[in-house]
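Taking it in order: structure first as structure tokens, then the write-up.
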Amino acid sequence: MDCIFCKIANKEIPSTIVYEDEDIIAFNDVNPEAPVHILVIPKKHIASLEAAQPEDAQLLGKILLTIQHIAREQGIAADGYRVVNNCGELGGQTVHHMHFHLLGGREMLWPAG
Ligand code: AMP
């Protein structure tokens, strides 16, 4: 499958990995929008949040708790951070392997554009 995030998960293309376990990998976004901008993905290919299935419930919960863990490790948990999932065309998703953006280190604006 020609999926850039699967290739990152398989170490076929380089990335700056900040966290990894048997199910999840997290790496710095190549085009950071904040001092901390990390992408957290399942190693399993799930095209988008819309494509997730009931059997992925445990994995989805683990991803959120992993984001909490990474935010603490990165030193942004106390001040606060933002977690973003862009889903589908109108959601602004450009890479079709489900991923969660962890953004921190600056004040975030709302509403999102
Ligand atoms: P999205 O628009 O939500 O699909 O986000 C895709 C994100 O992946 C963007 O923030 C890109 O900067 C990021 N990205 C694309 N290719 C790479 C890569 N090879 N390594 C790290 N981040 C990437």
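Please specify each residue of region 24-49 satisfying the condition of being over 14 Å from Phe5 (Cβ atoms) and either touching a Pro at 6+ places or on another chain (Cβ under 6 Å) or β-branched (Val, Ile, Thr) (or both). Across region 24-49, the qualifying residue is only Val36. Across region 49-74, the number of residues qualifying as open to solvent by less than 60 Å² (accessible area, probe 1.4 Å), out of contact with any Asp or Glu (no Cβ under 8 Å at 6 or more places or on another chain) and closer than 19 Å to Glu20 by Cα comes to 7.
Under the condition of being in contact with a helix residue (DSSP H, G or I) (Cβ under 8 Å, 6 or more places away or on another chain), free of Cβ contacts under 8 Å to residues at least 60 places away in the same chain and either surrounded by fewer than 13 Cβ atoms within 10 Å (Cβ to Cβ) or more than 20 Å from Gly91 (Cβ to Cβ) (or both), the residues counted in region 21-45 number 7.
For region 1-88, which strands (runs of 3 or more DSSP E) that fit wholly inside it have 1 or more residues that are closer than 12 Å to Phe100 by Cα and more than 11 Å from the ligand (Cβ to nearest atom)? So that I can check it myself, show each step before the final result.
Details: elements: 17-20, 24-28, 36-42, 81-84.
Strands (runs of 3 or more DSSP E) meeting the threshold: 24-28, 36-42, 81-84.
With respect to His96, determine if the residue is touching a residue at least 12 places away in the same chain (Cβ under 8 Å), away from the ligand (no atom under 16 Å from the Cβ), surrounded by fewer than 18 Cβ atoms within 10 Å (Cβ to Cβ) and more than 19 Å from Glu33 (Cβ to Cβ). Here the answer is no, as His96 does not meet what is asked.
Regarding Tyr81, is this residue in contact (Cβ under 8 Å) with a residue 40 or more places away in the chain, surrounded by 15 or more Cβ atoms within 10 Å (Cβ to Cβ), within 21 Å of Glu107 (Cβ to Cβ) and hydroxyl-bearing (Ser, Thr, Tyr)?
Working: in contact (Cβ under 8 Å) with a residue 40 or more places away in the chain: yes; surrounded by 15 or more Cβ atoms within 10 Å (Cβ to Cβ): yes; within 21 Å of Glu107 (Cβ to Cβ): yes; hydroxyl-bearing (Ser, Thr, Tyr): yes.
In short, yes.
Pairing residues of region 46-69 that are at pLDDT below 95 with residues that are open to solvent by less than 40 Å² (accessible area, probe 1.4 Å), at Cβ distances under 6 Å and at least 6 apart in sequence or on separate chains, gives no pairs at all.
The values are calculated or read from the model by the stated rules, or taken from the named source; none is laboratory data. Model, not experiment: these values are computed from the prediction. Note that we place each Cβ from the backbone using ideal geometry, even for glycine, and neighbour counts take in every protein chain shown. For accessibility, only protein heavy atoms count, side chains too; no ligands or nucleic acids. Shrake-Rupley method; radii C 1.70, N 1.55, O 1.52, S 1.80 Å.
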